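Chemist: So that we are looking at the same thing, I have put the structure below in structure tokens.
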Ligand code: NCD
């Protein structure tokens, strides 16, 4: 595998190999030697043309823990904001010797354009392209769910997972539906009809408009942010009404199965899709998702860049 553009590029074996490698790396990171020499001398560029906190610093931390050199390139203050094409940017990165480019862009398909253009010899990793895909987020979500809910299974067979909220604009939902079902879970999407994409019936997931009938039956619930910045018209009557029907509040939290977990990719709108009580409750693994994200991204970088090199731990 040279690039990571979409979950559809992965087989189940590839996905499990990323999760298993991440587990090994997580154990190593918890040990005395935080930094591994695996990617010494490699250059990784973080090309972020859209806002990000978690994903950008997570990839940076992952690359640094593997001893790679990291160049952070944000759109603001770069030639990308002056209208430079992806091709020119890619050729510049190639000239600087980038071994991998991690790209976040507001255009769906930007990561594919960068990879398929063959303007660079390195790997391209999609860190979120428009409303299309966010494969590393789905992998860290699967990793977190497996850790808490899989009861010793290698995959997610037998689990039921709800993804709730702004599915229409969510690249996290698109990548997760494919990955979680590939790993054997059943996914139910919960949203008002206006926040579901046309064609959702062809996705490998159930659809429900009734959060209350779903909440007591799932092993994990992934809450999504309302993505105001991608909305071009009115999709909701108002935030209060939205939270009443689709928010995770104390009452719904209390209806969850004994060991069920609460997830959110961040950033959260506390009080809209998730109450502070739910976000900070004992069921919440939201902060742990961030920690797991570093191990999963280390695994992605290792598997794409280290080739057949043995994992030296
Ligand atoms: C998500 C994203 O950017 O798609 N966040 C993330 O990567 N941590 C979800 C979101 O922005 O709501």
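The values are calculated or read from the model by the stated rules, or taken from the named source; none is laboratory data. Here the structure is a predicted model, which means the values were calculated and not measured. So basically every Cβ, Gly included, is an ideal-geometry build from the backbone, and we count neighbours across all protein chains shown.
Chemist: Condition first: away from the ligand (no atom under 14 Å from the Cβ), part of a helix (DSSP H, G or I) and closer than 19 Å to residue 248 by Cβ. Can you find one or more residues in the range 150-168 that meet it?
Modeler: Pass one, the range 150-168, residues away from the ligand (no atom under 14 Å from the Cβ): 150-162.
After this cut, where a residue has to be part of a helix (DSSP H, G or I) as well, the list is none.
No: zero hits.
Chemist: Has the range 175-191 got at least one residue that is within 30 Å of residue 44 (Cβ to Cβ), outside the structural domain of residue 72 (by TED's automatic domain parsing) and within 13 Å of the ligand (Cβ to nearest atom)?
Modeler: Within the range 175-191, the first condition is being within 30 Å of residue 44 (Cβ to Cβ), and the residues that meet it are 175-180, 182-183.
Filter again for outside the structural domain of residue 72 (by TED's automatic domain parsing), leaving 175-180, 182-183.
This time we only want the ones that are within 13 Å of the ligand (Cβ to nearest atom), so: 175-176.
Yes, the range 175-191 contains a residue that is within 30 Å of residue 44 (Cβ to Cβ), outside the structural domain of residue 72 (by TED's automatic domain parsing) and within 13 Å of the ligand (Cβ to nearest atom).
Chemist: Could you please find all residues in the range 237-263 being assigned to a loop (DSSP other than H, G, I, E, B) and at pLDDT 95 or above? Before the answer, list the steps.
Modeler: Initially, the range 237-263 is screened for residues assigned to a loop (DSSP other than H, G, I, E, B), giving 237-238, 247, 249, 255-260.
Passing the criteria: 247, 249, 255, 256, 257, 258, 259, 260.
Chemist: Please give the number of the condition residue 304 fails out of (1) under 27 Å from residue 51 (Cβ atoms); (2) assigned to a loop (DSSP other than H, G, I, E, B); (3) more than 15 Å from the ligand (Cβ to nearest atom).
Modeler: Evaluating residue 304 over (1) under 27 Å from residue 51 (Cβ atoms); (2) assigned to a loop (DSSP other than H, G, I, E, B); (3) more than 15 Å from the ligand (Cβ to nearest atom) leaves (2) as the failure.
Chemist: Here's a follow-up. Just to be sure I understand, how many residues within the range 54-68 are crowded, with 16+ Cβ neighbours inside 10 Å and either more than 16 Å from residue 291 (Cα to Cα) or away from the ligand (no atom under 15 Å from the Cβ) (or both)?
Modeler: Selection size over the range 54-68: 5.
Chemist: Give, as residue ranges, the strands (runs of 3 or more DSSP E) completely inside the range 173-236 that count at least 3 residues that are within 21 Å of the chain's Cα centre (by Cα). Let's see the steps before the verdict.
Modeler: On the way: elements: 186-190, 206-208, 220-223.
Filter on the range 173-236 gives 186-190, 220-223.
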